[in-house]
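Please read the structure below before turning to the comments.
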Amino acid sequence: MWYDTVMETLSGPQLINDSKTPSGRVHVGSLRGVLIHDALFRVLKDHGFETRYTYGIDDYDPLDGLPADAGPDIRQYMGFPLCNIPAPEGSTATDLADHYISEFLGIFSELGVGAEIYRMRDIYRSGRFNEAIDRILRRADIVRQVYAEVSKAQRPADWHPFQVVCEQCGKIGTTEVTAYDGQEVTYHCRKNLVKWAEGCGHTGKVSPFDGRGKLPWKLEWTAKWFTFGITIEGAGKDHCTRGGSRDVAEACLRAIFGITPPLNVPYEFFLVSGAKMSSSKGVGTAAREIANFLPPEILRFLMINTPPKRTVNFSTDFDYIVKLFNEHDRLVESVGSGKATPTQGKTLQTVEVDGRHTAYHPVGFQLLTALLQLPHLDVQQEIEKRIAGGLSAEDRAILQRRLTAARYWLDTYASEADRVVLQESLPASADTLTATQKAFLKLLGERFPEQALSDDEYQTFVFDTARLTPLGQKEAFAAIYRVILDQDKGPKAGSLFAFLDRAFLVKRFGEIRFGHRAFWQETGLDTAEASVWLGSHPPVSCTAVTALDQDTSPALGVVELTVRLEDGKTHRLRVLLQDVGDAADFRQRVQAWSQTLAGPVAVALANV
Ligand SMILES: [Zn+2]
């Protein structure tokens, strides 16, 4: 896994850090950094590293854009530090920053994220950054040089990397510092410094310490690394470009403080798509929304199992979500079966909310969404009945979370085409099935077991019946979904059979009509093809039935062979003899063919 590679380079105590500016509802993509760092935190502790994980709320940053959900009143606060802006009406938060970050931090505890939270307002106001601010301002010349050399940005000769909270208008985004005398900075609140806020024109001289202003965020990064002793901090790939903000922050750390920068774990974008997503505006998909939907272990799996260097193209479309759950469940099953690699075991622990894995039996997301849509079914009760030995407390908790997720998906993201509707009568589209598919369904009804079976036993029953038709598995399942759900796909058929009424299924399959001639033509082999097949699949036993169809002249002869192979599986072969004269001619041709064969097939044919 990616975190093993990261770990190889480390020694001594570790401090992992990540941060977020609370300038609006937090997008789900921001959870990627949170969980990548959390996975590292867990793995490092597990390997005996003395490790802390801190998460900073950058709430001294200015409001530099209108939050998508904010009212027009917010405009007057453009340029203010986020923590100095009142919370929206009706919010219980102390201020705007607190309002937005509270929702995000609520998810941390649900996901079992072990970060210690700190707020930049407290760091600045408590004076913890005073030393870093003083040293950076004294070496403003070096910062200007780094900007010019690393990011090719020219700053005026009197530019200083600091922004004061204007004593007259309260804005921080509009001020510019032009001098530092070791005690105080000289600043100007400029009308046109930025496009998104207007300064008041005030000029003044003030101490830069104890929260009277802040460093620009590239230098804030530098100051955090120096002050806190951060050893690992990953960053989104947009910050990690050559000459980008990460390069600037690292160069300043080296030049001013003589310190080696923390280990970077660059990570790629997290993109969201889905049929129901195109309509959302502004923030896109809030982290809270996805955390309301996905169970925490699935959300952790999504963020941690994808290597940081790969883009996540998250989608709320059904196929994507089903695949996500199934991939997670395969990991659970492989660990449960004892066949997992040590890395898989470690990944699963990292994915679990409380950091340890207790065996459980996950019920697939696709099946749950289907069952929830079947009328008159108490899904939880039905599932309890069908799990051998009953559900453990862990199973029950997981099932509850999945039922919630499946309901949420159906209510929020499902399109009409995604819906599963149990067809009360045989759908008209059943006509589009091939004669072979229809014959398969008919046979399914005739062979349907009297006694209830498990999901897997029903699934085996479907495979067996498909071989006895014969029909490919894909076409067989498509036929089942067509006549029950009027769709060409669906949840595991064996599971559907287990939850649906036997009489309903037998009746439905019994209603199917098909033309025998078309069925024979579709499935029939000639004697040469059949000989080749029998040569490569030598049977251990064989029975043969013949039929002579004299509806046409000359007639069509059919030999149906039911053969058992060494693996215990039974197959059916249908051999067609064209242009048959009469019964005697038919028998003679069958005999002639049988003489070219050996073993049980030859014996069976000799007796027809
Ligand atoms: Zn001002």
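The values are calculated or read from the model by the stated rules, or taken from the named source; none is laboratory data. Quick caveat: nothing in here was measured; it's all calculated off a predicted structure. Because the Cβ atoms are built from the backbone with ideal geometry, glycine has one as well, and the counts that use them run over all protein chains shown. Ligands, DNA and RNA are excluded from the accessible area calculation, which covers all protein heavy atoms including side chains. Shrake-Rupley method; radii C 1.70, N 1.55, O 1.52, S 1.80 Å.
Before moving on, here are some points about what is shown:
- Count - residues of region 365-400 that are surrounded by fewer than 17 Cβ atoms within 10 Å (Cβ to Cβ) and at pLDDT 90 or above: 4
- Test result for Gly243, more than 12 Å from the ligand (Cβ to nearest atom), open to solvent by 30 Å² or more (accessible area, probe 1.4 Å) and small (Gly, Ala, Ser): no
- Identity of the residue in region 6-26, among the small types (Gly, Ala, Ser) and part of a loop (DSSP other than H, G, I, E, B), that ends up most open to solvent (accessible area, probe 1.4 Å): Ser11
- Near pairs, Cβ below 7 angstrom, 6+ apart or cross-chain, from region 329-341 (of a type in the set (Asp, Glu)) to any residue that is surrounded by 15 or more Cβ atoms within 10 Å (Cβ to Cβ) and at pLDDT below 90: Asp329/Pro362
- Per the listing Val603, Val540, the residue uniquely modelled with pLDDT of 95 or more, open to solvent by 60 Å² or more (accessible area, probe 1.4 Å) and farther than 30 Å from Gln423 by Cα is Val540.
- Restricting attention to region 61-96, the residues being part of a helix (DSSP H, G or I) and within 16 Å of Gly170 (Cα to Cα) number 8.
- Screening Glu475 against (1) free of Cβ contacts under 8 Å to residues at least 40 places away in the same chain; (2) within 29 Å of Leu576 (Cα to Cα); (3) open to solvent by 50 Å² or more (accessible area, probe 1.4 Å); (4) under 38 Å from the mean Cα position of the chain (by Cα) leaves a single unmet condition, (1).
- Some residue of region 429-444 being in contact with an Asp or Glu (Cβ under 6 Å, 6 or more places away or on another chain), crowded, with 18+ Cβ neighbours inside 10 Å, on the phi < 0 side of the Ramachandran plot and among the hydroxyl-bearing types (Ser, Thr, Tyr): yes
- Among the residues making up region 499-537, those that are among the aliphatic types (A, V, I, L, M) and open to solvent by 30 Å² or more (accessible area, probe 1.4 Å) are Ala503, Val506, Ala518, Leu525, Ala528, Val532.
- Within region 546-563, restricting attention to residues that are touching a residue at least 40 places away in the same chain (Cβ under 8 Å) and open to solvent by 20 Å² or more (accessible area, probe 1.4 Å), the residue that is farthest from Arg517 (Cα to Cα) is Thr562.
- Candidate set from region 246-271 (those that are in contact (Cβ under 8 Å) with a residue 60 or more places away in the chain and assigned to a loop (DSSP other than H, G, I, E, B)); member that is surrounded by the fewest Cβ atoms within 10 Å (Cβ to Cβ): Phe269
- Residues considered: Ile133, Ile117, Ile123, Ile230. Of these, the only one that is of a type in the set (Val, Ile, Thr) and surrounded by fewer than 16 Cβ atoms within 10 Å (Cβ to Cβ) is Ile117.
- Among the residues of region 170-192, the ones that are near the ligand (Cβ under 10 Å from one of its atoms), open to solvent by 30 Å² or more (accessible area, probe 1.4 Å) and without any contact (Cβ under 8 Å) to a residue 60 or more places away in the chain come to 3 in all.
- Residue that is farthest from the chain's Cα centre (by Cα), among those in region 195-213 that are under 18 Å from Gly65 (Cβ atoms) and crowded, with 17+ Cβ neighbours inside 10 Å: Gly199
- Within region 446-458, if we keep just the residues that are open to solvent by 30 Å² or more (accessible area, probe 1.4 Å) and not charged (D, E, K, R), the residue that is modelled with the highest pLDDT turns out to be Gln451.
- Test: residue in region 194-217 that is within 13 Å of the ligand (Cβ to nearest atom) and free of Cβ contacts under 8 Å to residues at least 24 places away in the same chain: yes
- The set of residues in region 129-169 being within 16 Å of the ligand (Cβ to nearest atom) and over 45 Å from the mean Cα position of the chain (by Cα) consists of Cys166, Glu167, Gln168, Cys169.
- All positions within region 31-59 that are among the hydrophobic types (A, V, I, L, M, F, W, C), part of a loop (DSSP other than H, G, I, E, B) and open to solvent by less than 20 Å² (accessible area, probe 1.4 Å): none
- Cβ separations smaller than 9 Å between residues 6+ apart or across chains give the following pairs from region 510-527 residues that are within 22 Å of Ile480 (Cα to Cα) and touching a residue at least 40 places away in the same chain (Cβ under 8 Å) to residues that are in a helix (DSSP H, G or I) and open to solvent by 40 Å² or more (accessible area, probe 1.4 Å): Gly510/Lys442; Gly510/Glu446; Ile512/Lys442; Arg513/Lys442; Phe514/Lys442.
- Pairing each residue of region 67-80 that is open to solvent by 40 Å² or more (accessible area, probe 1.4 Å) with any residue that is among the β-branched types (Val, Ile, Thr), provided the two are 6+ apart or on different chains, yields C-beta distances under 6 Å for Ala68/Val283; Tyr77/Ile85.
- Flag if Asp238 is at pLDDT below 95, assigned to a helix (DSSP H, G or I) and more than 16 Å from the ligand (Cβ to nearest atom): yes
- Test result for Tyr100, within 16 Å of the ligand (Cβ to nearest atom), open to solvent by less than 30 Å² (accessible area, probe 1.4 Å) and outside any loop (DSSP other than H, G, I, E, B): no
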